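Here the structure comes first, spelled out in structure tokens, and everything after it is commentary.
The numbers here are math on the coordinates, done by the rules we state, and not lab data. Note that the coordinates shown come from a computational prediction; the quantities given were computed from them, not determined experimentally. For neighbour counting, all protein chains shown are included, and Cβ atoms are generated from backbone atoms with ideal geometry for every residue, glycine included.
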Amino acid sequence: TRSNAIINPFEHNNYSRHKSFTRICSLYSCFVLFTAVQVGDVVVMLGSSAILPCHIITNDRLSQITWQKTIKGKAPNDVFLTIQPTTGVKYSNGQDLRFEFIGNVNDKNGTLKFSNVTLKDEGSYTCIFSLFPGGTQSRNSQLLLLPSLKQR
């Protein structure tokens, strides 16, 4: 049995590196994949789901949470989703049903679940908290893909 997703949302210093390994097995063989994963990286199998973590702890008032992505072939810092406490989720470039807001604005948690990940989705995802009176704080996750076993 194989897992659909391999998620490594380390919550430490953004500059530290962690080495991890994953054992991937098929009916006929098994191999170990070693990866160097930076804190905040999310590593998933192609076609699976990913959790993009986004949470802060502050006493400031939350105005909104904005999600941006920077992927190959797209403009940098492309805003694709905004979450406001009063109006909820708003998609900037048309609704993409693969994204599901699973956080809670009252807890200042902007976590997203991202389903059916494709090669075009690999890249950097940033959530930005707009706070009063503190200004903005951001969290970054790098979405990295592993090829599915079906492609081997």
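Okay, here's what the table says:
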| quantity | calculated |
| --- | --- |
| Label-reachable residues, the stretch 109-124, where backbone N falls under 19 Å from a point 7 Å from Phe132's Cα toward its Cβ | 109 |
| The stretch 41-151: Cα Rg divided by the 2.2 N^0.38 Å rule of thumb | 1.08 |
| Per-residue HN-Hα couplings for the stretch 140-146 [Karplus 6.51, -1.76, 1.60; θ = phi - 60°; Hz; x = Gly/Pro] | 10, 10, 9, 8, 10, 10, 10 |
